[in-house]
Structures are given as structure tokens and as C-alpha cells.
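Written out below as C-alpha cells is the structure these notes cover.
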Amino acid sequence: MRTAEHGVSTHQIITGIKTYLLDTMTALESIGPLSNLTSFNCNGSCSNTTEVPETSGKNIYDDILLGLEYIDIFLLPTCLILGVGGNFITLIVLNNKTFSSWTSKYFLVALSLSDNLLLLSQPFNKPVVMNLFGRDYRALSKVGCKLYFWFFKNGKMTSSWFVVLLCAERFVAVKYPFRVKSLFCKRNGLFAIAAVYIVQGVYNGAWSWAHNILEDGRCYPDGFNKNDPEDAILFRNMLIAGSCLYSFVPIAIMVTLTPMIISSLQRRAKKRQEMTRNQGKDIEIARITTMLLSIVITYIVCVAPVTLLHLLSFFQGVKSFGNNPKPFLIFRNVSQILEQLNYTFNFFVYVFANRKFRGGVAELLGFKRLSSSGSTFNLTSNILKGRVSTISRPHRSVISDSVTSSSIKKPFDNSG
């Protein structure tokens with residue numbers, strides 16, 4: 001009986017684990033396997049999407065989705081205010097003459113602009129906002145639908161490449177410090193920024209053919225006719241290319257350069273112990289590099305899930321923002337939250353990782369002026385106290401000296 005009891009409990013555990021792990025796979029398989037999509041064969045009964053209807057009965061997925069909805073309600077305005085405000089502060093601070101020597105200055109400015117573009121457009125992409133207003137404001141017109149996703153994707157994809165440019169600039173600054181000024185001068189930096197905007201803008205403009213308003217009145221980035229094999233193949237190719245431009249290629253470049261930057265910093269730290277002549281310059285390089293590496297790592301962690309989301313939605317034949325299986329909806333919501341945090345974090349990374357930037361923010365917000373005015377007040381009060389003491393001191397000295405010196409006492413007696 002004891003063995004049987006243990007056998008039953010073990011079987012229950014195994015069954016529970018299998019049910020949990022296979023639940024997602026079963027749901028996704030029920031909406032369309034990969035083989036059906038890659039062959040693009042469709043009979044007369046298939047529709048424009050392979051979504052599944054909502055099933056009744058509350059389970060753990062419903063609780064998770066409800067929790068994510070509450071998190072999203074809190075994070076959306078928080079990230080919008082902190083992210084947009086922080087990026088605007090970044091733009092103002094970087095225009096200070098203090099940062100004129102930073103070769104990465106223009107990339108940071110462009111990154112802040114792209115992040116703000118995405119943060120300002122992202123709320124309209126949130127299901128919670130659509131449910132709040134009762135309509136999809138992206139779908140006011142067909143042109144508006146296409147323009148929305150053009151701006152939205154440009155913000156995302158240009159931001160990725162500005163992080164790549166920052167990583168490349170730090171690589172040159174650490175490995176070849178005498179060449180960074182010539183390679184990443186103002187002219188070359190602005191040319192690289194313009195090239196990123198032009199290439200991504202043209203590509204996203206060509207991709208806009210797939211952005212359409214469907215029967216439910218919502219605007220979809222994948223609103224093409226899935227029954228048309230040619231459209232499906234074209235969208236698949238553009239999706240793969242877009243995913244490469246958005247994350248795969250940028251992440252590959254960053255993963256390659258980042259370890260090399262870190263190893264170079266470690267070697268320089270060892271040399272710094274032996275030679276202290278350029279210690280101040282090395283410390284400044286290390287601080288800037290630490291700040292920018294933090295941006296790179298944050299980007300990799302927060303952006304990769306979103307790319308996987310779009311690939312999964314296509315190859316499983318579902319709309320990214322449709323009525324999909326609950327495990328897919330959970331993954332979508334988590335990916336969107338991570339993506340939103342990625343475009344909000346940068347300002348705080350700058351503040352915590354770089355002393356010079358932190359000082360610029362403090363000066364902009366008036367903290368340094370307050371401290372300097374406080375020190376000026378203290379200095380003034382000390383001067384006044386000193387003057388008062390110098391005025392009162394002779395009288396005290398006369399009184400004390402009158403006991404011992406009559407030569408000093410007489411003149412003051414005559415004056416009094």
C-alpha cells in the first residue's frame with residue numbers, strides 16, 4: 001500500500017507537469033500547425049486568421065492575464081511620464097558644453113528621439129487602452145493605420161541601430177582610443193544617423209502594404225490576406241528581414257563587441273595599477289563605457305522576447321493582437337512590458353552610471369544652484385561675522401589691556 005500510495009502521488013505529479021507543459025503546445029497546435037503555414041494550402045473553409053474563440057472556465061491563465069493587465073495599467077502612464085520626461089532631460093543635458101567632447105553625444109541624442117517616438121505611439125498599441133476608450137484610434141483611416149505602424153516601427157528599429165552605433169563607438173574608444181575622434185567625428189556621426197533613418201524609413205514604408213484595418217474595425221500590422229499564398233510568402237520574407245534589422249543583427253553585433261570591450265577594460269585596469277599618469281582619463285573612459293554597456297545589456301534582455309513574439313505569431317498563423325490562446329496572450333503582454341521598460345530605462349542608466357551626466361541633470365534641475373547659493377550664503381554670513389568680530393575685538397582688547405597697560409588706556413579714555 002505504501003508503494004502504491006507513493007506510486008499514485010508520483011503519477012499525479014508527472015501528470016500535472018505534463019498538463020502544464022503541453023497546454024501551450026496543444027493550444028498553439030489547435031490554431032494552425034507550422035506545416036499548414038509553410039505550404040500555404042488553404043481550402044474554401046479557412047478564414048483570414050486561425051484564431052480560436054474564447055473558452056469559458058477560469059483557470060490560472062486568467063489570473064495571470066488579470067495580474068498583467070493591472071501591471072500594464074500602472075506601468076503605461078508611469079513609463080510614459082518617466083520615459084518621455086527623462087529623454088527630454090537627456091536632450092537638454094547633452095546640449096551642454098560639458099558634453100561637447102563626447103563622441104557618442106549625437107548617438108545618444110538620436111536614441112532619445114527614437115525612444116520618445118516609440119513611447120508616445122505605444123499606448124495606442126495596448127489592448128488596455130483600446131478597451132478603455134472603446135475603439136482603436138489607429139484605425140481611424142486606412143492611411144492612418146499605415147502611418148501609425150510606420151512611425152511605431154521606425155522608433156523601434158532606429159533605436160536598435162543607435163544602440164549598435166553606441167556599442168561600436170565604445171569599442172573603438174576602448175580598443176583604439178587615438179582613432180575614435182576621427183572615426184566618430186560630428187560629420188560621420190550625423191551621416192550614420194541619417195543613414196539609419198533613411199534605410200529603416202524606406203523599408204518600413206515598403207512593409208506598410210500589410211498594415212490594414214480588418215472586419216473587427218482594428219488596425220493590424222499583419223492585416224494581409226492570409227489566403228493568398230503570394231502575400232503570405234512576401235510577408236514572411238519581410239517579417240524575417242524586419243526581425244533581422246530590428247533585433248537579430250543588432251544583438252549579434254552587440255554580443256560580439258561587448259565581451260571584447262569588457263576584456264579591454266580589464267586589461268587597462270591592470271595597466272592602470274602600474275602606470276598612473278593617465279589614470280583620470282582611463283577612469284572617464286571606463287565610466288562612459290559602463291553606462292553604454294548597461295544600455296546594450298538592457299536592450300538585449302528586453303527586446304529579444306518581442307522579436308520572438310512576432311515570429312511566433314506569424315508561423316502559428318495568428319494575429320499578434322487578436323483573440324489568441326491564453327498562453328500566447330501572456331507571452332505577448334510580458335514581451336510588451338519588457339519592450340516598454342527598455343525605452344524607459346535609458347535615462348536612469350545614464351544617471352546612475354555616469355557622474356558627469358548626473359551632475360548635468362542636477363544642475364538642470366537646480367540642485368547645484370541651491371547648493372551653491374547655500375554655500376554663498378554661508379560664506380557671506382562668515383564674512384559678516386568676521387567683520388563684526390574685528391569691530392568688537394579692539395574694544396575687548398582695550399578693556400583687557402587696560403589692566404596691564406596705561407599707555408593704551410589713556411588714548412581711549414580721552415576719546416570716550
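Yes/no matrix, rows are residues, columns are (1) over 25 Å from the mean Cα position of the chain (by Cα); (2) crowded, with 19+ Cβ neighbours inside 10 Å:
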| residue | (1), (2) |
| --- | --- |
| K181 | yes, no |
| C185 | yes, no |
| Y203 | no, no |
| I213 | yes, yes |
| G217 | yes, no |
| Y220 | no, yes |
| G223 | yes, yes |
| D228 | yes, no |
| P259 | no, no |
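So in the range 284-305, with the set limited to residues that are more than 13 Å from the chain's Cα centre (by Cα) and surrounded by fewer than 20 Cβ atoms within 10 Å (Cβ to Cβ), which one is modelled with the lowest pLDDT?
It comes out as E284.
I'd like to check something: does the range 116-135 contain any residue that is buried (at least 21 other Cβ atoms within 10 Å of the Cβ) and hydroxyl-bearing (S, T, Y)?
Checked against the condition, which is being buried (at least 21 other Cβ atoms within 10 Å of the Cβ) and hydroxyl-bearing (S, T, Y), the range 116-135 yields no hits at all.
Regarding I337, is this residue in a helix (DSSP H, G or I), assigned by TED's automatic domain parsing to the domain that holds P123, under 29 Å from S104 (Cβ atoms) and modelled with pLDDT of 80 or more?
yes
Could you pull out the residue among F315, F321 that is within 29 Å of G242 (Cα to Cα), at pLDDT below 80, touching a Phe, Trp or Tyr at 6+ places or on another chain (Cβ under 7 Å) and crowded, with 16+ Cβ neighbours inside 10 Å?
So the residue among F315, F321 that is within 29 Å of G242 (Cα to Cα), at pLDDT below 80, touching a Phe, Trp or Tyr at 6+ places or on another chain (Cβ under 7 Å) and crowded, with 16+ Cβ neighbours inside 10 Å is F321.
The values are calculated or read from the model by the stated rules, or taken from the named source; none is laboratory data. Just so we're clear, the structure is a prediction, and the values are computed from it rather than from any experiment. Methodologically, a virtual Cβ is constructed for each residue, glycine included, from the backbone with ideal geometry; neighbour enumeration extends over all protein chains shown.
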